[in-house]
Amino acid sequence: MTRPETRLSMPLAALGLAMVGILVGVLLLISARVDHNAMLHDQSLVERGLVAKTRDLERSIAPQTVWDEAVDRLGNRYDPVWARENIGAYLLGQSGFDLIFVLDGRDQAIFSQKVGSDLEPGYFSRHSASFNGVLKAVRDLERLKKPVQGPRPDGGLVSSPLQQSSFELIGSETYLVTASLVQPDFGRVLPRDSKAPIIVTALRLDAAFLLAMSNRFLLAGIHLHPGEATPQGQDARVAIRSLEGPVVATLDWTPPRPGQALLRKAGLPILLVVGGLAASVVVFAVRSRRIARGLVASEARATHMARHDALTGLANRSLFDDRLSEALRGLSRRRGTMAVLGIDLDRFKAVNDSHGHSAGDELIRLMAGRLTGLCRANETVARLGGDEFAVIAPNIDPSGAAALAERLVKALSEPADLSCGQVFVGGSVGVAVIDSAEAHIGAAEAARRADVAMYRAKEQGRNRYCFFEVEMDAALKARRGLELDLRRALAEGGVHLAYQPQVDARGQIIGVEALARWIHPTRGEISPAIFVPLAEDCGLIEALGRQVMRRAFADSRRWSGIKVAVNVSALQMRQDDYASEVAGLLIETGASPRNIELEITEGALLGDDETTHLTIERLRAMGFSLALDDFGTGYSSLSYLRRYPIDKIKIDRSFITPLGDDAEASALVASIVGLASALNLAVIAEGVETDQQRRQLQSMGCADAQGYLFSAAIAPEAVDAILSAGGQVNAAVSRATG
């Protein structure tokens, strides 16, 4: 006869076994789901990595294609020696491409080269099908592009890169093919033919490429298969498609199995449950399910927190040190250079003190996003603590490091929109370039060098970058040479002034703007867009500004009835003794401040500091009139117009150029003119080049203007001639030039 406790224990045992079976099933389901999500995450990372690699390669090609000299030497008069040295050698050696082609306007190859040797003459035509897609896309973009008429008045770039990339099969191997249109950069050389040359590059997706992907995304067993291959077992895969859509290759790898690791960890509790009482199985099953879910989340959280910064998600100091050590070990096995960049935000403490730690944290997250967006996939961005960041660039030369540092400084100096309002900080960047001979110095020493250079950048005025060692390529040496030449030109009076007339609605001259000009003895005219920022970077802006102001003050005495506008930089406005210096120049030259208009950029008013307030009040008290230059392009704020005694708003040329073609630009200009009228401020438009722009401005109520429609910047003697002829700019200029 069966005992009651036996009859009771059997259902309990069955229930217990059922609960254990359910628990095992739940754990298996969770494990499979975790493994599947991990695989999807890896696939997403790899897809974004391929896109980022494509954009990085396009950016590395752009300087060789948007180049006046390339237009001349590849299109207007083909120079094979120049092509070999500046296109083939550079892109094969510096950027690591495998195939380089230069095509003429008929898309015929006039230059073909691969790593180590030239290609046979018919190679491109035999494989033309692999290049037709990107060539057609670039030619379509070329037809939509407006022809370049010549240099811009402000000396800026006249072209932006026109490029298209695609993954293609060349023979039996997969390549990343990029076609880039050859265009002028500053417009000093213009293409003669309607169709420009095209530079075609091809990077083979070889073992080195796969190794880089594996190291970057921690992929195991990575393989590349031609065509749309079926993955083996539970492998993850990404289909690599051409520009036109078909799959040309398949990238697969063995994904991580965090779910299986979870099962191994949960195995012992399961065994204990099986050997325990059936009654406790029910309770344990519920708890185990909760534990299983918590294990997945806590493991991922613990792993991430141990290696990443909690606020920004960037690599923390621990991961930074490991990756820096790894980069140095890799450098010791090859020839080349790498760079470590130390970054510290400027004026961060002021934001924290003024708006609180929550605003400081928000600013740190914003700046972290900017830094990450500017760095390549193989570069590590880390937050080391506080407002200190660092970047590891494992394969970069000094010129590339300088370009990266410039991009970082520019990005950090842009306004930051926080929940508390808009703030302005900036950043100081220190760069330590390390070659293979120094790879033994260790991570601590490499980071220390970047810190030393960063503090040196702060000492030199902040919002800039400095190198720890002087190991620059020809581009950086040329910049330093230009700095020395600028110092010599300032010392020897090599910088002179030209004046661009400002006219009223009748074309009558009402003023002139003083513009610095520098004729280099060997390079010819250097654009102010180049040498003015150079003067700011190397501490020459004070000397340059002083020379411009002294000459403009002196020239103002020869012209009665018109005002001379003089630009003042933000750095000058923040000098404690700037107003005293200006007063001294008035005494020295005998000029009247009533005949001078000081043009101040919005950047000079950033921060609303006491020094700037006092300086502007003193200048206004002396009798100068003040104009807010480039209004609307930077950090326009009505508060500037309320807090400072501004007399005039100067509308930037970027709003004037699209007038007539862009309704939004017309609305913006009309709004600025209306704002000036409401505040009883004068308004003038710069960069007026067409009669249509002039008529539209006058219809809005903006009668005063300057630009090439009336006159370019001219010598003081030409201004004399205009005034002697009655002050009508167009008539006087036509007589003077006729």
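The values are calculated or read from the model by the stated rules, or taken from the named source; none is laboratory data. Please read these numbers as outputs of a predicted model, since none were measured by experiment. Using ideal geometry, Cβ is built from the backbone for each residue, glycine included, and neighbour counts are taken over all protein chains shown.
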- Out of segment 703-719, which residues are buried (at least 16 other Cβ atoms within 10 Å of the Cβ) and more than 14 Å from residue 653 (Cα to Cα)? 703, 710, 711, 713, 714, 716, 718, 719
- Item | Filter result for residue 468 (farther than 30 Å from residue 213 by Cβ, buried (at least 18 other Cβ atoms within 10 Å of the Cβ) and in contact (Cβ under 8 Å) with a residue 12 or more places away in the chain) | yes
- Query: Is it true that some residue in segment 556-571 is surrounded by fewer than 17 Cβ atoms within 10 Å (Cβ to Cβ) and closer than 18 Å to residue 490 by Cβ?
  - Reply: no
- Task: Return yes or no: is residue 210 under 30 Å from residue 242 (Cα atoms), of a type in the set (A, V, I, L, M), touching a Ser or Thr at 6+ places or on another chain (Cβ under 9 Å) and outside any loop (DSSP other than H, G, I, E, B)?
- Result: no
- Going by the conditions given, is residue 392 among the hydrophobic types (A, V, I, L, M, F, W, C), touching a Ser or Thr at 6+ places or on another chain (Cβ under 8 Å) and in a loop (DSSP other than H, G, I, E, B)? no
- Note on the structure: Going through (1) under 19 Å from residue 57 (Cα atoms); (2) outside any helix (DSSP H, G or I); (3) of a type outside the set (S, T, N, Q) one by one, residue 92 fails only at (2)
- Item | Wholly within segment 631-738, helices (runs of 4 or more DSSP H) carrying at least 2 residues that are modelled with pLDDT under 90 and of a type in the set (Gly, Ala, Ser) | 663-678, 729-737
- Report, by residue number, each residue of segment 690-701 that is under 35 Å from the mean Cα position of the chain (by Cα) and in contact (Cβ under 8 Å) with a residue 40 or more places away in the chain. 697
- Query: Given the conditions (1) of a type outside the set (Phe, Trp, Tyr); (2) modelled with pLDDT under 95; (3) not in a loop (DSSP other than H, G, I, E, B), which single one is not true for residue 178?
  - Reply: (2)
- All positions within segment 385-401 that are within 18 Å of residue 451 (Cβ to Cβ) and surrounded by fewer than 21 Cβ atoms within 10 Å (Cβ to Cβ): 385, 386, 388
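Residue-wise test of (1) assigned to a strand (DSSP E or B); (2) among the aromatic types (Phe, Trp, Tyr); (3) at pLDDT below 90.
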{"residue": "448", "(1), (2), (3)": "no, no, no"}
{"residue": "477", "(1), (2), (3)": "no, no, yes"}
{"residue": "514", "(1), (2), (3)": "yes, no, no"}
{"residue": "530", "(1), (2), (3)": "no, no, yes"}
{"residue": "535", "(1), (2), (3)": "no, no, yes"}
{"residue": "543", "(1), (2), (3)": "no, no, no"}
- With respect to residue 44, is the statement that it is hydroxyl-bearing (Ser, Thr, Tyr), part of a helix (DSSP H, G or I) and surrounded by fewer than 19 Cβ atoms within 10 Å (Cβ to Cβ) true? yes
- Item | Answer from 102, 66 - the residue that is of a type in the set (A, V, I, L, M, F, W, C) and modelled with pLDDT of 95 or more | 102
- Note on the structure: Picked from segment 105-122 (must be in a loop (DSSP other than H, G, I, E, B) and within 26 Å of residue 183 (Cα to Cα)), the residue farthest from the chain's Cα centre (by Cα) is 121
- Task: Would you check if there is a residue in segment 123-134 being part of a helix (DSSP H, G or I), at pLDDT 90 or above and within 30 Å of residue 657 (Cβ to Cβ)?
- Result: no
- Note on the structure: Restricted to segment 518-528 and to residues being part of a strand (DSSP E or B) and surrounded by 16 or more Cβ atoms within 10 Å (Cβ to Cβ), the residue farthest from the chain's Cα centre (by Cα) is 518
- Task: Go through segment 51-85 and give me each residue that's under 22 Å from residue 237 (Cα atoms) and in contact with a Leu (Cβ under 8 Å, 6 or more places away or on another chain).
- Result: 53, 54
